[in-house]
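The structure under discussion appears below in the form of structure tokens.
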Amino acid sequence: MEFSCISFQLDGPIASITLHRPDKLNAISAAMVAELHRALDAAEANELVRVITLQGAGRAFCSGFDLSEMQTGTSSAETRRILQADFDIIMRFWNSAKPTLAAVHGYALGGGFELAMACDMTIAAESAMFGEPEPKFGSGIVALLLPWLTGPKQAKEMLLFGNDRVSAQRAHEMGLINTVVKSAVLLDELRAAAGRCAMLDAQAVRLTKSAINRSYSHMGFEDALRQALEIDTVIETTETAESRTFKEILAKDGVKAAVAWREARIFK
């Protein structure tokens, strides 16, 4: 298979997916979403594959969804379709019958952070940074996994109080990632963990993952995520005077100017 936004390799029982838009810090585009689906389809259909790994090329794991594709004036129906597509690709890593394992370096922000959380295991370089900056820009969260993996206090601190630069060590303490390692050995640790998974009984692993996910289902996991997605749709399609001016300044003068305008407006 040919890809332009990702790379996909098979190494015995390990299927390796690499986000490959390094010039955009691996921002997730519609084309990347389609290619991720194709790669996951291939990995899940291959009986030799026992584990799927995910990593990013260049300076970062993933900076989130490519906001340039969400054009001003997009209809509510089209916005809802885009958000659903973004949600679906994140949740494929959670719902895959095969274990998924992410290796994070640099930034994992927004949708990139959600991808990392959706994987069954996440290893991070000690210099990695995590966050959900969407509320800063008047946007919502596509896949609200955060409170399910940590607690409401930590989730609200990040989302309601602007703590969108969380260190790898802090993310580990919050239960959002499994292991923090030196940057130089990140990929070695990824391969070692994938190898350990591949050596286990494939059916036992598949059924155990299913049992864990079903436990979350019984707690209302999917319903809560769907409701959060609907709220995100409202956020993205409802314009206020504040959001309109912020976006105008953002488009014209950049992030710093828009944030400065909001701060001056609120604390004048």
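Values quoted throughout were computed directly from the atomic coordinates according to the rules given, and no laboratory measurement underlies them. These numbers come from a predicted model, not from an experiment. Glycine also receives a Cβ, built like all others from the backbone with ideal geometry; neighbour counts cover every protein chain displayed.
Measuring between their Cα centroids, the range 43-60 and the range 102-145 lie 18 Å from each other. Subtracting the Cα-Cα distance of ALA45 and ALA192 from their residue separation scaled by 0.36 nm leaves 50.6 nm. D by Stokes-Einstein for the range 178-218, Kirkwood Rh over Cα pairs, 25 °C, 0.890 mPa s: 203 µm²/s. Taken about its Cα centre, the chain carries a charge dipole of about 500 debye when Lys and Arg each add +1 at the Cβ and Asp and Glu each add -1 at the Cβ. For PHE65, the residues whose amide H sits under 5 Å from its own are ILE28, GLY111, GLY112, ignoring neighbours fewer than 5 places away on the same chain, with H placed 1.01 Å from N. Placing R0 at 41 angstrom, the Cβ-Cβ distance between ILE266 and THR208 gives a FRET efficiency of 0.25 after rounding to 0.05.
Please say if the chain is rounded, prolate or oblate, where rounded means a/c under 1.5 for a ≥ b ≥ c the square roots of the C-alpha gyration tensor eigenvalues, and otherwise the choice is prolate for a/b larger than b/c and oblate otherwise? Cα axes put the chain in the prolate bin.
Write down, largest first, the equivalent ellipsoid semi-axes of the range 69-152 in whole Å, where each equals the square root of 5 times an eigenvalue of the alpha-carbon gyration tensor.
24, 16, 12
Above 13 Å lies some portion of the pair distances; for the range 149-223, what is it as a whole percent of all C-alpha pairs? Cα-Cα pairs of the range 149-223 separated by over 13 Å account for 78 percent. Helix 241-253 against the longest principal axis of the chain: what's the angle in degrees, Cα atoms only, rounded to the nearest 10? Between the helix axis and the principal axis of the chain, the angle is about 80 degrees. Of all DSSP bridge pairs formed entirely within the chain, close to 30 percent run antiparallel. Mean sequence separation of contacting Cα pairs (under 8 Å, at least six apart), scaled by the length of the chain, corresponds to a relative contact order of 17 percent.
Spin-label model, ASP223/LYS182: points 7 Å from Cα along the beta carbon direction are separated by 4.9 nm.
Which is the longest part of the chain that has none of the GluC sites (Glu not before Pro) sitting in a DSSP loop with at most 13 other Cβ atoms within 10 Å? Longest gap between qualifying sites, sites excluded: 48-238. Model label sites at THR74 and LYS247, defined 7 Å from Cα along the beta-carbon direction, differ in position by 1.0 nm.
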